Amino acid sequence: MASEACLSRKQFERIFAEHIGISPKKYLKIIRFQSAIFQKQQNNNLNMTELSYESGYFDQSHFINDFKSLSGLTPKQYFAENEICSDFFE
């Protein structure tokens, strides 16, 4: 995205953070988190491995770590204790 905007990576990150309020990396982490909730909402039969790949992760451990850092719960705990609802995607 930085090259398409004719900016260096650092310039792009700085401008992105000024306008959005968070870094592009943090934004992507939130998008993938919301995508995981949406994917699980659409297909409750997905296991955690399938869900991690469907949400754009390369491995399940990275998925679990990101999920826990954003929700405070592992994906398994989250989906067992909460109603699966994402209004971020439609």
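The values are calculated or read from the model by the stated rules, or taken from the named source; none is laboratory data. The shown structure was predicted, so the numbers you read here are calculated from the model rather than taken from an experiment. With ideal geometry, Cβ positions are generated from the backbone for all residues, glycine too; neighbour counts draw on all protein chains shown.
Table for the structure above
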item	result
Qualifying residue in segment 16-34 (condition: exposed (fewer than 12 other Cβ atoms within 10 Å of the Cβ), modelled with pLDDT under 90 and not in a helix (DSSP H, G or I))	no
Flag for E50 being surrounded by 12 or more Cβ atoms within 10 Å (Cβ to Cβ), acidic (D, E), without any contact (Cβ under 8 Å) to a residue 12 or more places away in the chain and part of a helix (DSSP H, G or I)	yes
Failed item in (1) touching a residue at least 24 places away in the same chain (Cβ under 8 Å); (2) in a helix (DSSP H, G or I), with F12 passing the rest	(1)
